[in-house]
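Before any comments, here is the structure.
Nothing in this text is a laboratory measurement; each read-out follows from the coordinates by a stated rule. Every value quoted in this text rests on a predicted model; they were computed, and no experiment measured them. For neighbour counting, all protein chains shown are included, and Cβ atoms are generated from backbone atoms with ideal geometry for every residue, glycine included.
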């Protein structure tokens, strides 16, 4: 009995897919990006797999960026409503500073406007 290369690749792909299905949801934005990338890659000349891989990467990066911006907005709003000198205010400031160090534009702008010294 001879196993073809194609069936081996399909079986390996199925097992890899099952393995990835059990991972935690760290692939934020990957599925939608992969779908869009696969369509774009297919239209661009039959490169659906390459398009899906690239779309997954880009979709994930955009989702992470969006989440960090939302987190920065929430921390800034919480900081501005917390009482002066409260532990919550200090915690929010530390979070804003951390996001500014990760170059989240909203946090960087806020830190610069409020003359917060980042180390």
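Descriptive notes on the structure:
- Segment 26-113 - Debye-derived log10 I(q)/I(0), Cα point model, q = 0.14, 0.17, 0.21 Å⁻¹: -0.59, -0.70, -0.86
- Theoretical FRET efficiency, 1/(1+(r/R0)^6), r = Cβ-Cβ of residue 66 and residue 88, R0 25 Å, to 0.05: 0.50
- For segment 26-113, the relative contact order works out to 22 percent when only alpha carbon pairs closer than 8 Å and six or more residues apart are counted.
- When the convex hull of its Cα atoms is viewed from all sides, segment 45-84 shows a mean projected area of 2.9 nm².
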